[in-house]
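The values are calculated or read from the model by the stated rules, or taken from the named source; none is laboratory data. Computed from a prediction, not measured in an experiment: that's the story for all the values here. Cβ placement follows ideal geometry from the backbone for every residue including glycine, while neighbour counts extend to all protein chains displayed. The protein model used for the area step is the full one, side chains on, heavy atoms only, and it has no ligands, DNA or RNA in it. Shrake-Rupley method; radii C 1.70, N 1.55, O 1.52, S 1.80 Å.
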Amino acid sequence: MNRMHALREKYPLEASRFRSPGATRALIIIFFAGVVVAATAVAVGLASDMRWPNVAVMAAGLIPSMYCWTMLRAANHAKDTAPDAAVDEYERRVLDVWRGRALKAYSAATGVGGMAFVMVGALRDAPDSTALMAAGYFMTFTFLLIYPLPMIGFAMTFNRKETEV
């Protein structure tokens, strides 16, 4: 038994009160609202010369988001990262569906965001244009490398010669 396990047993996180539909909905809304507030603060901070007030607003958005994420995971026994033996078949299917949706959303955001950064960096004549283009290229190539992996893994698994199986 490691130290973290002993601490969790000694001081259990009482998150079962968040297992109702209303509490779950509230946690999710507060989580996303906090992320939107933080992202807005970052965008305003990057666009203006006054960055420090925006750092406080960003922290004010992220801290409730982190709390809500922790309570949401604790109330559901961190099933999203549990080993396969710890979840039943229905939970595994639900997690697989949501992982697929997350991959599609991530892929779309990374692809579109990368191209947007490249375009803004190319069209803007400023000292930070190179950094914008580098960020855009990074996002674009991340998309191009990660998005095909499920199909590559599928093809490698099912397109083997009979003798390799």
What FRET efficiency comes out for the pair residue 134/residue 99, r = Cβ-Cβ distance, R0 = 25 Å, nearest 0.05? 0.25
Relative contact order in percent for the chain (Cα pairs under 8 Å, 6+ apart) equals 16
Defining a contact as two alpha carbons under 8 Å apart and six or more residues distant in sequence, what relative contact order in percent does the stretch 110-157 show? 41
Stretched out fully, how many nm does the piece from residue 24 to residue 6 gain, at 0.36 nm a residue minus the Cα gap? 3.7 nm
Under the rule of -39500 (n - 2.57) per DSSP H run of 4 or more residues, summed and divided by the residues of the chain, what mean residue ellipticity at 222 nm is obtained, to the nearest 500 deg cm²/dmol? -25500 deg cm²/dmol
Would you mind computing, in nm to one decimal, how far apart the modelled labels at residue 142 and residue 116 are, each placed 7 Å from Cα along Cα→Cβ? 1.4
Sequence order, the stretch 113-126: Karplus ³J(HN,Hα) from phi using 6.51 cos²θ - 1.76 cosθ + 1.60, θ = phi - 60°, Hz rounded, Gly and Pro as x, gives x, x, 5, 5, 5, 4, 5, 4, x, 6, 7, 9, 9, 8
Roughly how many Å² is the accessible area per residue of the stretch 1-159, as a whole number, for a 1.4 Å probe? 74
Kindly report, to the nearest 10 Å², the accessible surface of residue 133 as traced by a 1.4 Å probe over protein heavy atoms only. 50
Rank these residues by their accessible area, most exposed first, probe 1.4 Å: 162, 89. 162, 89
Apply 1/(1 + (r/R0)^6) to the Cβ-Cβ distance of residue 84 and residue 149, taking R0 = 22 Å, and write down the FRET efficiency to the nearest 0.05. 0.65
Correct choice for percent of Cα pairs over 30 Å apart that was computed from the model, options (1) 42; (2) 46; (3) 56: (1)
If one builds a Gaussian network model of the chain from Cα atoms under 10 Å apart, the most fluctuating residue listed among 140, 81, 130 is 130
